[in-house]
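Q: Quick one: the structure is below, and I'll ask about it shortly.
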Amino acid sequence: MPARGRVRLVDVAREAGTSISTVSRALNGSPLISTEVTERVRAVAGRIGYRADTVAQELKLGRVRTIGVTVPDLANPFFPEFLKGLSAAARDAGHRVLIGESEEDPVRELRLATELADHSAGLVLCSPRLRPAGLRQVLDLQLPVVCVNRPVPGAGQISIDYAAGTRLLLSHLTELGHRRIAYIGGPPASWADGLRRRTLRKLAPASGIELTEIQGGWSGDHGFASGPEVLLSKATAVITFNDLVAVGLMSWFVDNGIEVPAECSVASYDDIPQAAYMRPPLTSLSNQRIILGRLAWAHLASCLGDGTRPRTTLLTPELVIRGSTAPPVRDRA
């Protein structure tokens, strides 16, 4: 019996009393190997626990059935739902998915993308935080690449139209009568956050809005920590980077006796499942995360199939209006 650890082909060959090449051919069903030898080799392989390294075999044969995916943070409900759509579509096409989480770190993300490229036929970068030089390094790996929620020349692109979504949010709040609005932003490296900020800055003056920008983040902790600054801004409505930030902010409001939406309306992006069950339920932009994942696979698959450069697709989010937004009843000036 082989020593403890991964059982290799050489271990099967030793136990079966044959060569490594014969073992390989037998396990792959080669007609050059007799039925008797094939059955003996497979019996030995099963008895000693041999498991084929399918990725290594695929790399050797040039038929890799694995794709690599990077995400910034698996604790954010946006990304697991995206991965659910992507993984299901890839699985239906006979592929598997390797996932790397960067924890919002561009340096770690570059290392993950490079490592995944060694075992993958293509890469999907979901909301990449990579700096421009890092993106160029990934594209130089000569693999098909699809970027989600970030335009990158030379790569396929699937994005949510956050400019259109931000206009929907702002229009909703101004129609309710809000003129002092705060935006709690996301991670500094987020392309989506930058687009939202630019859109708000462009639209606010024409709408007579006094806009306050607050540096936030991606989690409930970031939203909770932003509460005092929101209070100082005297905003009657707040737009948060995502629903998790909104959860944290609304928790701070409860702790400090600020009523939502009477004293401050709250609206957000992503419409995670929990948004409908908050108290009050959260107004948020629905962004079809599972469909986004399926489209990311479709774009990558088109490139893997015939070398076609993936196209660009832009999805328009839908505003789901709930109880966290209403006309400003109480003046906080």
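The values are calculated or read from the model by the stated rules, or taken from the named source; none is laboratory data. This is a predicted model, so every value here is computed, not measured. Calculation scope for accessible area: heavy atoms of the full protein, side chains included, ligands and nucleic acids excluded. Shrake-Rupley method; radii C 1.70, N 1.55, O 1.52, S 1.80 Å.
Q: Quick one: accessible area per residue over the chain, 1.4 Å probe, rounded to a whole number of Å²?
A: I get 46 Å² per residue for the chain.
Q: Across the stretch 96-101, in residue order, what do the Karplus-derived ³J(HN,Hα) couplings come to in whole Hz, using 6.51 cos²θ - 1.76 cosθ + 1.60 with θ = phi - 60° and x for Gly and Pro?
A: For the stretch 96-101, the Karplus-derived couplings read 10, 10, 9, 10, x, 9 Hz, x marking Gly and Pro.
Q: Can you give the accessible area of residue 140, probe radius 1.4 Å, in Å² rounded to 10?
A: Rounded to the nearest 10, that gives 110 Å².
Q: So, one more: Quick one: 3J(HN,Hα) in Hz for the stretch 313-328, Karplus 6.51/-1.76/1.60 with θ = phi - 60°, rounded, Gly and Pro as x.
A: 10, 10, 9, 8, x, 10, 7, 9, 8, 10, x, 7, 10, 6, x, x
Q: Then there is this: Provide the solvent-accessible area of residue 95, counting protein heavy atoms only and rolling a 1.4 Å probe, rounded to the nearest 10 Å².
A: 30
Q: Taking every pair of Cα atoms in the chain, average 1/r, invert it to obtain the Kirkwood radius, and report Rg/Rh to two decimals.
A: 1.15
Q: Per residue of the stretch 176-184, what does 6.51 cos²θ - 1.76 cosθ + 1.60 with θ = phi - 60° give for ³J(HN,Hα)? Whole Hz please, x for Gly and Pro, Karplus curve as stated.
A: 6, x, 7, 10, 10, 10, 10, 10, 8
Q: While we're looking at this one, here's another question. Helix-derived [θ] at 222 nm for the chain: sum -39500 (n - 2.57) over DSSP H runs of at least 4, divide by residue count, nearest 500?
A: Using -39500 (n - 2.57) per qualifying helix, the result is -13500 deg cm²/dmol.
Q: What percentage of the solvent-accessible surface of the chain, computed with a 1.4 Å probe over protein heavy atoms, is contributed by carbon and sulfur atoms?
A: Here carbon and sulfur together make up 53 percent of the probe-accessible area.
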